[in-house]
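Student: Next up is a structure, given as structure tokens.
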Amino acid sequence: MFFDRASQGGDKPFLSAKIDGAWQPISWAEAARQVAAFAKSLKRIGLKKGDRVMLVSENRPEWCIADLGIMAAGCITVPTYTTNTASDHQHILDNSGAHAVIVSNAKLAQNLLPSVIGSSDANIIIGISDLRIGQSGDFDLYSWEKLTRGSDEDVAEVTEEVSVITRDQTACIIYTSGTGGKPRGVMQHHGAILHNTKGPAEVIETDFGWDEEVFLSFLPLSHAYEHSAGQFFPIGLGAQIFYSEGLEKLASNIEEVRPTIMVVVPRLFEVLRARLIKTVEKQGKMPNYLLGKALAIGSREAEGKGRKRDKLMDLFLDKTLRPKVQQRFGGRIKAMVSGGAPLNPEIGTFFQSLGLTLLQGYGQTESGPIIACNRPRTGLKMDTVGPPMVDTEVKIAEDGEILVRGELVMHGYWRNQEETDKVLKDGWLHTGDIGHIDEAGRVAITDRKKDLIVNDKGDNIAPQKVEGMLTIQPQILQAMIAGDKRPYMVGLIVPDPEWALEWSREQGMAYDFIKLQANPAFKSAVGEAVDRVNKNLSVVEKVRRFEFADEPFAIENEELTPSMKIRRHVIRERYQERLDGLYKK
């Protein structure tokens, strides 16, 4: 697929990164030359078909070229997070048996080298930039630049060689970030990735029209979501990919690049929503009035209660408020696709109300990852994740678990038959998610099977729903609820630091995040947010009491996975005594 698109793309820009303050493109033809040269170089330095190659790098053009080069050599890519600890790297190296490691810079190499030295299989290191390693020791050290100098003859030769690679061969092993226990290596085959390219392409073609698409890549490429939706999906479309300079520069990158499709996670939407509301609040009565009208109309439409008398105001909003919001996203967004975690329906309705098309997708690493996605053609119902992708079967088991079958399903966990047998049964992937399929064929997710809280009366409570409602309150950054085998729900809350700073100033107090949490007035202010959420919850879901966490949940303290999901077992272990105390008051 890549070499076919490259032959069509020629000298058109394909991969772009900002270097010395300007976007520097690599053409399709040049990318193909580098991919082909890298594939040949890997074979020349001793790698054989089926060998695993670990890839540790931030998002950049070389990531894509390395990934494609590894696969073109008949090897298997093992992408890993740049945030991994040394022990994470050691586990993945040992489990995958990777023979070679590609690392982008000296900083990342510093954390990785001890694991490579401790590995019994890895004996090759390739540095994309200078790794500042004085001597190679037990491993051979290679320079990226020397391995990627290619010609059109290399492209012709490697294009012919890759034609024998079959769809069922393993393309990569992606280690799940693991909300519990050690990460497991998901074996994704070429067919699964192609399946994940075909499905979204069909959505774009039939619902939006297929043109010269532009993507801005900023989610980690080591995650299955960005790997398929942010890399191979645009390659399938023949699109251009820009690599963001990082989250802190994302807003300016969006305005510069003007993407047509964005692949995002719900947390980003929550942040953008809060910022948009703050911006409008500062602009006076009229913008606030228009925002209120837009959200009211959007809410009614989301509930199927749209009114004819709203049409005039809707047209006025199309001329005034909505173009300004759309301009902040570059002005030519066709769709923003949310995935990686559940999206609160209120967030989806908010952006739809402001004229931005937001599609919630659903999947998991074990399915390549995309299973389903909302689309205008079937109705954008924000409490669903839309119908299954083309050539994807979904059914609901007797206990409510969502089962999936099709070429997108992994072949298993690498060197872990026991765990494979737990999730792959009779050709069906047991997702571990609970849900149903509505009358229009759209999949609705209610919660994770293993995350369901069962209270002392036997009622089932979905924590992700409640936590999602809590974290869209301006006072709350993060939240985890608990209450298994207990009479009611309690919560652990991380206040939003920006809101806390503003609250301190209004009270004429010096800002001290830790001391604030012991302040009864501050806790009462956060409690008001919890009370607002409780009004929209059933009796068994209501959060009766809460305490503050000592610090935000983060990847560094192992309370968040690299894909920003909370690790419940880690948080519970740390705060169990505090949570238990909420039942003694």
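Student: Please give the number of the condition Gly150 fails out of (1) buried (at least 21 other Cβ atoms within 10 Å of the Cβ); (2) within 29 Å of Pro388 (Cβ to Cβ); (3) not aliphatic (A, V, I, L, M).
Tutor: (2)
Student: Go through (1) more than 26 Å from the chain's Cα centre (by Cα); (2) more than 23 Å from Gln188 (Cβ to Cβ) and name the single condition Ser16 misses.
Tutor: All conditions pass for Ser16, except number (1).
Student: Quick one: which residue in Val530, Val494, Val539 is of a type in the set (Val, Ile, Thr), crowded, with 19+ Cβ neighbours inside 10 Å and outside any helix (DSSP H, G or I)?
Tutor: Exactly one of Val530, Val494, Val539 is of a type in the set (Val, Ile, Thr), crowded, with 19+ Cβ neighbours inside 10 Å and outside any helix (DSSP H, G or I), namely Val494.
Student: On to the next question. When segment 394-428 is examined, which residues are found to be farther than 15 Å from Gly441 by Cβ and assigned to a strand (DSSP E or B)? Don't jump to the end; show me each part of the working.
Tutor: Initially, segment 394-428 is screened for residues farther than 15 Å from Gly441 by Cβ, giving 397-401, 403, 405-428.
Within segment 394-428, Glu401, Leu403, Arg405, Tyr413, Leu424, Lys425, Trp428 qualify.
Student: Of the residues Gly441, Gly458, only one is free of Cβ contacts under 8 Å to residues at least 12 places away in the same chain and in a loop (DSSP other than H, G, I, E, B); which?
Tutor: Among Gly441, Gly458, only Gly458 is free of Cβ contacts under 8 Å to residues at least 12 places away in the same chain and in a loop (DSSP other than H, G, I, E, B).
Student: Here is a follow-up. Have a look at Ala100, Ala86, Ala37 and point out the one that is over 22 Å from Pro234 (Cβ atoms) and either free of Cβ contacts under 8 Å to residues at least 24 places away in the same chain or surrounded by fewer than 17 Cβ atoms within 10 Å (Cβ to Cβ) (or both).
Tutor: On the way: Ala100 fails: either free of Cβ contacts under 8 Å to residues at least 24 places away in the same chain or surrounded by fewer than 17 Cβ atoms within 10 Å (Cβ to Cβ) (or both); Ala37 fails: either free of Cβ contacts under 8 Å to residues at least 24 places away in the same chain or surrounded by fewer than 17 Cβ atoms within 10 Å (Cβ to Cβ) (or both).
That would be Ala86, the only listed residue that is over 22 Å from Pro234 (Cβ atoms) and either free of Cβ contacts under 8 Å to residues at least 24 places away in the same chain or surrounded by fewer than 17 Cβ atoms within 10 Å (Cβ to Cβ) (or both).
Student: Right, another one. Filter segment 394-406 for residues that are in contact (Cβ under 8 Å) with a residue 40 or more places away in the chain and buried (at least 18 other Cβ atoms within 10 Å of the Cβ); which is nearest to Ala335 (Cα to Cα)?
Tutor: Going through the qualifying residues, I end up with Val394.
Student: On to the next question. With Ala229, Ala156 as the choices, which residue is surrounded by fewer than 22 Cβ atoms within 10 Å (Cβ to Cβ), part of a helix (DSSP H, G or I) and modelled with pLDDT of 95 or more? Can you show your working first?
Tutor: Values: Ala229 fails: surrounded by fewer than 22 Cβ atoms within 10 Å (Cβ to Cβ).
So the residue among Ala229, Ala156 that is surrounded by fewer than 22 Cβ atoms within 10 Å (Cβ to Cβ), part of a helix (DSSP H, G or I) and modelled with pLDDT of 95 or more is Ala156.
Student: Turning to a different aspect of this structure: Among the numbered criteria (1) in a helix (DSSP H, G or I); (2) closer than 18 Å to Val325 by Cβ, which single criterion is violated by Pro234?
Tutor: Status for Pro234: all satisfied but (2).
Student: Further, regarding this structure: Going by the conditions given, is Ala525 assigned to a helix (DSSP H, G or I), of a type outside the set (D, E, K, R) and in contact (Cβ under 8 Å) with a residue 40 or more places away in the chain?
Tutor: Details: assigned to a helix (DSSP H, G or I): yes; of a type outside the set (D, E, K, R): yes; in contact (Cβ under 8 Å) with a residue 40 or more places away in the chain: yes.
Spelling it out, Ala525 is indeed assigned to a helix (DSSP H, G or I), of a type outside the set (D, E, K, R) and in contact (Cβ under 8 Å) with a residue 40 or more places away in the chain.
Student: With Arg505, Arg448, Arg486 as the choices, which residue is touching a residue at least 40 places away in the same chain (Cβ under 8 Å) and surrounded by fewer than 20 Cβ atoms within 10 Å (Cβ to Cβ)?
Tutor: Details: Arg505 fails: touching a residue at least 40 places away in the same chain (Cβ under 8 Å); Arg448 fails: touching a residue at least 40 places away in the same chain (Cβ under 8 Å).
When all the criteria are applied, what remains is Arg486.
Student: A follow-up question, please. State which residue is modelled with the highest pLDDT when the search covers only segment 461-487 and only residues that are more than 28 Å from Ile277 (Cβ to Cβ) and in a loop (DSSP other than H, G, I, E, B). Please lay out each step first, then the result.
Tutor: So in segment 461-487, the residues more than 28 Å from Ile277 (Cβ to Cβ) come out as 461, 482-487.
Those left that are additionally in a loop (DSSP other than H, G, I, E, B): 483-487.
Details: Gly483: 92, Asp484: 87, Lys485: 83, Arg486: 89, Pro487: 89.
Among them, the one singled out is Gly483.
Student: From the list Leu194, Leu221, Leu216, Leu276, which one is aliphatic (A, V, I, L, M), assigned to a helix (DSSP H, G or I) and touching a Leu at 6+ places or on another chain (Cβ under 9 Å)?
Tutor: Within the list Leu194, Leu221, Leu216, Leu276, the selection yields Leu276.
Student: Mind listing whichever residues of segment 241-264 are without any contact (Cβ under 8 Å) to a residue 60 or more places away in the chain and of a type in the set (A, V, I, L, M)?
Tutor: Leu247, Leu250
The values are calculated or read from the model by the stated rules, or taken from the named source; none is laboratory data. Computed from a predicted structure; not experimentally measured. As a convention, Cβ positions derive from the backbone with ideal geometry for all residues, glycine included, and neighbour counts pool all protein chains shown.
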